[in-house]
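The values are calculated or read from the model by the stated rules, or taken from the named source; none is laboratory data. Because the structure is predicted, anything quoted here is derived from the model rather than measured. Reconstructed Cβ throughout: ideal geometry from the backbone, glycine too, with neighbour counts over all protein chains shown. Areas reflect the complete protein model, heavy atoms only, side chains present, ligands, DNA and RNA absent. Shrake-Rupley method; radii C 1.70, N 1.55, O 1.52, S 1.80 Å.
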Amino acid sequence: MPKVVKFGGSSLADANQFRKVADIIKADKHRKLVIPSAPGKRFGADVKVTDMLYGCYEAVCAGCDSVKEFMPIAARYNGIISDLGLHLNLDKEYQTIIDNFNKKSGVDYAASRGEYLNGIILANFLGFKFVDAAQVIFFNTDGSFDAELSDATLSLKLKGIKNAVIPGFYGSMPDGRIKTFSRGGSDFTGAVVARAVNAVVYENWTDVSGVLVADPRIVNNPKVIDSLSYRELRELSYMGATVLHEDAIFPVRRAGIPINIKNTNEPCAAGTMIVPETADLPDPAHIITGIAGKKNFAAITLEKDEMNSEIGFFRRILTLLETEKISFEHIPTGIDTMTLVISNENLAKSPKLVEKIEKVAKPNHIEVEDDIALIAVVGRGMRHKRGTATRVFAALSHANINIRIIDQGSSELNIIVGVHEEDFENAVKVIYDMFILSAKG
Ligand code: ADP
Ligand code: ASP
Ligand code: MG
């Protein structure tokens, strides 16, 4: 059974990284199917090729000279090709892309060319077959992913192929137009391919040695999580652990294929194994598995006398959200209070929402705070342990951080707290200290 290996942007940022990737692939003959991202940042102030493509397309649409705008992008790829000593000339491909930009072929087409060109180079370097994702990854007319057609086409197409490179991030619509997944979507492509070929493992190679207990940009040198369940990962990635795209577990979870997060710059490290809930997961090293969080939420708090006994109160609010096509994150409630936690992005879709809530719910008081950060404290170890929430609250209270929202997921797998954005980083740090650094774990 093959292994499917996905390499992120930093793993393919320059020729040196390409060599590391080739060494990793050649070290294991089962690594037969490779999903590359577009070249990422080579150093802190560098720009990812995907971002260069978005910028280039916007400039062309605004009337700038397409050939000139595309030049720095071609230079990135030509630099990699010449540093690797490949006999490969992509001038024709560049010309096609420039022509299509001039024809306004769409922002998704533009962004997808990062993975497309990188795939051609990597296939050439490895001596693998290049399979254009447009031929095997499909979307429905409404823009949703067509799992069945993609799965069937991929399994058929890859059956007779020994080794292949399939670019991540994009596929095609029924009318042939190119469409991308959301940012970071190459992780999803890798999972789809892993499922289609029934891979023994989906290896996701990045620039950290696994899923870390907390975001390394917030906590200094956080510990690596050795293993975790799909569910724990879903909670963490949904809540901001950006190491893996939040939807990437769905295709592999259905087939029970484990995901192994690995570091291209430290290939010998075991990384993190993500496995089904039913697998024999070792006892967690700590009560909590990980901490993740995101800013940019609003909390709309309603107070109304005897809200609790008012029949239909919830229904009116939920119907309003449905009509306005707004999804919400949480609705913690008290006896006579209710808080709607909604991302600011979603809230912006309905500028008059608060007035409309007032109309349908007639609260005594309504208050909106739009500077809320949510933090998820996740762990299968919490189920059988009392006092986890108390310890989260104690850590925050010692640090003088005011908790705005509390919600414990019904799975008992996570505790969500909402704090003001200015307290966000500090809150993550003190929770990390409380559960991971303190001796009691
Ligand atoms: P790639 O380009 O390989 O897809 P990403 O940049 O998308 O890589 O994801 C890896 C990054 O995710 C890390 O460099 C790290 O900064 C960030 N990250 C955020 N939270 C976590 C976490 N809990 N564990 C590991 N990495 C995290
Ligand atoms: N290159 C795309 C992005 O920057 C997709 C990916 O990296 O997975 O979002
Ligand atoms: Mg990524």
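Using C-alpha pairs under 8 Å with a sequence gap of at least 6, the mean separation divided by the residue count of segment 159-207 gives a relative contact order of 28 percent. Build a GNM of the chain with springs between Cα atoms under 10 Å: which of 407, 336, 23 gets the top mean-square fluctuation? Looking only at 407, 336, 23, the largest GNM fluctuation is found for 336. Compared with the direct C-alpha span, the chain from residue 30 to residue 270 gains 84.7 nm at full extension, assuming 0.36 nm per residue.
Between residue 362 and residue 437, the FRET efficiency estimated from the beta carbon spacing at R0 = 45 angstrom works out to 0.40.
Full extension of the chain between residue 99 and residue 82 yields a length gain of 3.7 nm, computed as 0.36 nm times the residue separation minus the alpha carbon distance. Sorting 200, 4 on solvent-accessible area from highest to lowest, probe radius 1.4 Å, gives 200, 4. The accessible surface of the chain, taken with every protein chain in place and a 1.4 Å probe, is 50 percent carbon and sulfur. Within the listed set 155, 82, 343, the residue fluctuating most in the Gaussian network model of the chain (springs between alpha-carbon atoms under 10 angstrom) is 82. Considering only 231, 254, 195, the mean-square fluctuation computed in a Gaussian network model of the chain, springs between alpha carbons under 10 angstrom, is largest for 254.
In this model, which of 48/352; 29/262; 179/325 are farther than 28 Å apart at the alpha-carbon? Pairs exceeding 28 Å: 48/352. The slack in the chain from residue 283 to residue 426, taken as 0.36 nm per residue of separation less the alpha-carbon distance, amounts to 48.6 nm. For a test of the definition: using alpha carbon positions, the gyration tensor, and the 1.5 limit on a/c, classify the chain as rounded, prolate or oblate. Prolate is the answer for the chain, as a/c is 1.5 or above and a/b outweighs b/c.
Loop-located GluC sites (Glu not before Pro) in segment 265-325 (DSSP state other than H, G, I, E, B) with a sparse environment of at most 13 neighbouring Cβ atoms within 10 Å: 277, 306.
Rounded to 0.05, the FRET efficiency of the residue 54 and residue 177 pair, given R0 = 22 Å and the Cβ-Cβ distance, is 0.80. Take the chain with all the other protein chains still there, run a 1.4 Å probe, and you get 46 Å² of accessible area per residue. Look at the Cα gyration tensor of segment 102-239: its axes a ≥ b ≥ c give a/c of at least 1.5 with a/b over b/c, and that counts as prolate. Put a dot 7 Å past the Cα of residue 221, heading toward its Cβ, do the same for residue 331, and the two dots end up 4.7 nm apart.
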